[in-house]
Amino acid sequence: MSARDERAVSILLENAGRYISREAGRGTLITPTRANFSKDRQNATIYVSVYPEAQEGHAIDFLMRHKDLFRNELKKTTRFVRLPYIWFEIDRGERARIAFEEATKDLVIPEAPEEEPA
């Protein structure tokens with residue numbers, strides 16, 4: 001990813017975080033974790049994590065209803081050459097990482113024996 005793409009992702013995530021924190025209800029924590037642009041930069045997918053997990057469906061419904069309002073805010077606050085169409089998805093990778101950490105937190109790994117110099 002080029003520096004320009006990384007900067008665009010950073011701007012997109014920062015604005016998404018501000019918008020979500022301002023517009024979403026206080027009963028659910030919605031956090032944008034990462035974003036991807038399509039090759040032609042016409043579409044952008046913002047991945048979010050939701051706590052509690054039982055509210056994921058409601059959170060995605062809320063975000064998809066507000067995607068055009070968020071895009072309009074991006075028009076006002078950013079200077080993208082081509083403003084992307086926005087899509088929101090649950091970040092399954094983040095959930096897998098957390099599950100892996102939980103599964104391995106009590107795992108004891110024995111140290112390898114040191115080799116003797118020849």
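Where a number appears in this text, it was derived from the coordinates with a stated rule and is not lab data. In this text the structure is predicted, and so the values were computed from the model without any measurement. Glycine gets a Cβ as well: all are built from the backbone with ideal geometry, and neighbour counts include every protein chain shown.
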Separation of alpha-carbon centers, the stretch 51-118 and the stretch 1-40, rounded to whole Å:
11
Using Cα positions and a limit of under 12 Å, work out the aspartates and glutamates in reach of LYS39, with same-chain residues fewer than 8 apart set aside.
ASP5
Among VAL108, ILE86, THR28, the residue whose Cα sits farthest towards the positive end of the charge dipole of the chain (+1 at Cβ of Lys and Arg, -1 at Cβ of Asp and Glu, taken about the Cα centre) is ILE86
For the chain, what does the helix formula give at 222 nm: sum of -39500 (n - 2.57) over DSSP H segments with n ≥ 4, over the residue count, nearest 500 deg cm²/dmol?
-15000 deg cm²/dmol
Where a Cα-Cα gap under 20 Å defines reach, which aspartates and glutamates qualify for LYS105, not counting those fewer than 8 residues away within the same chain?
GLU94
Out of the stretch 47-118, which chymotrypsin sites (Phe, Trp or Tyr not before Pro) are coil in DSSP terms and have no more than 16 other C-beta atoms within 10 Å?
PHE80
Using a ≥ b ≥ c from the Cα gyration tensor of the chain (square roots of the eigenvalues), is it rounded, prolate or oblate, where a/c under 1.5 gives rounded and otherwise the larger of a/b and b/c decides, a/b for prolate?
oblate
Name the residues whose placed amide hydrogens come within less than 5 Å of the amide hydrogen of THR78, ignoring near sequence neighbours (fewer than 5 apart) on the same chain.
none
Based on the mean of other Cβ atoms within 10 Å per residue, sort peptides 48-55, 3-10, 23-30 so the most packed one is first.
48-55, 23-30, 3-10
Only bridges whose two residues both fall in the chain count here: according to DSSP, what percent of them are antiparallel, nearest 5?
55
If you filter the stretch 63-118 for GluC sites (Glu not before Pro), then keep DSSP loop positions with at most 12 other Cβ within 10 Å, what is left?
GLU111, GLU114, GLU115
Which lysines, if any, have their Cα less than 16 Å from the Cα of LYS76, not counting same-chain residues under 8 positions apart?
LYS67
Percent relative contact order for the chain, counting Cα pairs under 8 Å at least six residues apart, stands at 23
